[in-house]
Amino acid sequence: MDRIRITGGNKLNGTIPISGAKNAALPLMIAALLTDETLVLENVPRLADVAQLQRILGNHGVDITSVGKRAGDREYQGQTLHISAAHIIDTTAPYELVSRMRASFWVIAPLLARMHEARVSLPGGCAIGTRPVDLLIMALEKLGAEISIDAGYVVAKAPAGLRGATIDFPKVTVSGTHVALMAATLAKGTTVIANAACEPEVADVADCLNKMGARILGAGTPRIVIEGVEKLHCARHTVLPDRIEAGTYAMAVAMTGGDVQLSGARPELLEAALDVLKQAGAEISVNGDGIRVVRNGSGLRPVTVSTAPFPGFPTDLQAQLMALMVCAQGASEITETIFENRFMHVQELARFGARIKLDGETARIDGITRLRGAPVMATDLRASVSLVIAGLVAEGETTVNRVYHLDRGFERLEEKLKACGASIERIRE
Ligand code: EPZ
């Protein structure tokens with residue numbers, strides 16, 4: 001298994017190109033199941049999760065071709081995928097595939113909407129809490145699906161097709177909103193999703209679905225209205241930039257000091273995180289090419305932050321912020337409100353010497369002046385990258401094990417950091 005070796009102490013200076021968003025690319029690829037015509041997705045990041053979803057879609061009979069760099073492309077352009085679900089040969093998503101990536105459960109929505117049946121394995125347990133699918137099932141039932149659980153599989157049927165309905169989510173759920181949105185595009189009549197997730201990735205998927213002929217209004221707000229259509233058609237869509245990747249590198253620069261341009265980042269997608277970084281002492285400015293993050297000399301100030309659905313501070317940046325606050329001059333408090341148990345990084349950050357106390361869903365971090373490099377590992381993508389951030393300032397050598405977690409969600413991580421002066425390399429084994 002590959003490892004990443006970092007020698008801490010270098011400032012970051014230069015430009016980091018921001019890739020397409022993993023959490024938009026995955027549902028966009030799944031949305032291709034809704035039509036028998038080809039969906040072309042541009043700026044798709046090269047990530048292990050994307051490759052895994054290609055295998056899962058392949059199992060349903062979906063043809064995917066990947067086009068690499070073309071003449072005139074920017075150096076760091078993501079791949080272009082041509083996805084054709086002309087012939088769906090299997091409406092079952094088996095345990096062996098779904099258990100590896102939770103988002104693959106979402107295929108249930110387009111399969112049910114278009115083929116009127118789906119049999120999808122319940123996703124397995126997960127390192128960041130129990131993460132049930134009850135609200136996804138509730139949404140599909142509201143749309144008229146008959147759902148049963150059989151030997152670990154969710155079996156969904158709608159012999160006469162889905163019908164529009166009002167779906168009022170008792171809590172904000174990104175997965176629930178994606179599933180309801182995709183299913184409702186082909187349902188008969190009008191669907192209203194109330195208390196919908198406002199995450200930019202939901203709006204990006206709705207934008208693509210509209211290009212495919214769907215009639216969706218209000219995506220990106222808590223109330224989405226969908227007028228069902230009979231058929232969707234081909235379209236071309238560019239995946240929006242990854243706000244979590246941008247926020248992660250912004251935290252890394254705030255940690256090491258330096259001056260980095262996050263090329264292609266969209267500030268309006270991460271205002272809450274940028275505000276927190278400013279409070280902590282980073283200088284943030286917006287320019288035509290993205291976001292510039294600077295920190296020189298001054299110490300980091302502690303912050304008090306709670307995660308919240310968009311536009312609040314994202315749970316997917318909580319671990320990275322915690323790594324940063326390990327070096328703040330004073331005590332910080334970070335409360336995780338989205339997932340219970342998303343604190344796997346706490347015990348690993350302690351290996352660097354961090355002083356963090358957990359009290360229920362709140363972590364109290366007492367800043368220290370020096371981190372010491374250590375061998376570390378984490379079982380979650382964002383937790384893993386928080387260890388990289390800590391390693392960038394830790395004295396001596398840090399080895400981050402189980403790099404495959406990073407490969408699930410960060411495209412060319414070590415290359416991007418190395419280009420800005422970090423001493424970081426992958427050890428292949
Ligand atoms: C998405 O997960 C993201 N994944 C997560 O990113 C992200 O952390 C999360 O949204 C919150 O922003 C993708 O987009 C692929 P939810 P999702 O449904 O959709 C509970 C990363 O690191 N819930 O909004 O699974 C759930 O347990 C990942 O890139 C139910 O109770 O999150 C959680 O507490 C990790 N019942 C809360 O809602 C349900 O049926 C929010 O979950 C569904 C969810």
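The values are calculated or read from the model by the stated rules, or taken from the named source; none is laboratory data. In this text the structure is predicted, and so the values were computed from the model without any measurement. Note that we place each Cβ from the backbone using ideal geometry, even for glycine, and neighbour counts take in every protein chain shown. SASA here: full protein model, heavy atoms, side chains in, ligands and nucleic acids out. Shrake-Rupley method; radii C 1.70, N 1.55, O 1.52, S 1.80 Å.
Some points to look at:
- Pairwise Lys count, the range 22-235 - Cα closer than 30 Å, eight or more residues apart or different chains: 21
- Summing Lys and Arg as +1 and Asp and Glu as -1 over all other residues whose Cβ lies under 12 Å from the Cβ of Gln54 gives a net charge of 0.
- Projected label distance in nm at Asn296 and Ile88, using a 7 Å step from Cα toward the beta-carbon: 5.7 nm
- Full extension of the chain between Asp289 and Val229 gives 17.8 nm of extra length, using 0.36 nm per residue less the Cα-Cα distance.
- Relative to the 2.2 N^0.38 Å rule of thumb, the range 22-235 has a C-alpha radius of gyration ratio of 0.95.
- Relative to the Cα centre, the charge distribution of the range 298-429, modelled as +1 at Lys and Arg Cβ and -1 at Asp and Glu Cβ, gives a dipole magnitude of about 260 debye.
- Residue-normalised accessible area of the chain, expressed per residue, 1.4 Å probe, Å²: 39 Å²
- Other residues with beta-carbon under 14 Å from the beta-carbon of Lys22 carry, at +1 per Lys or Arg and -1 per Asp or Glu, a net charge of -4.
- Whole-Å semi-axes of the ellipsoid equivalent to the range 299-367 (Cα gyration tensor, √5λ, descending): 18, 14, 10
- Globularity index of the chain is 0.98 (Cα radius of gyration / 2.2 N^0.38 Å, N = number of residues).
- Of every Cα-Cα pair in the range 190-330, the percent that sits beyond 22 Å: 47 percent
- Carbon/sulfur fraction of accessible area - the chain, other protein chains in place, 1.4 Å, %: 48 percent
- Taken over the range 289-425, the alpha-carbon convex hull comes to 123 cubic angstrom per residue.
- Helical content alone sets the calculated 222 nm signal of the chain at -8500 deg cm²/dmol, taking -39,500 (n - 2.57) per DSSP H segment of four or more residues and averaging over every residue.
- Taking trypsin sites (Lys or Arg not before Pro) across the range 202-307, the ones in a DSSP loop with at most 13 further Cβ atoms lying within 10 angstrom of their Cβ are Lys231.
- Rounded to the nearest 20 debye, dipole of the range 22-235 from Cβ charges on Lys, Arg, Asp, Glu: 160 debye
- Between the range 270-334 and the range 202-227, the C-alpha centres lie 31 angstrom from each other.
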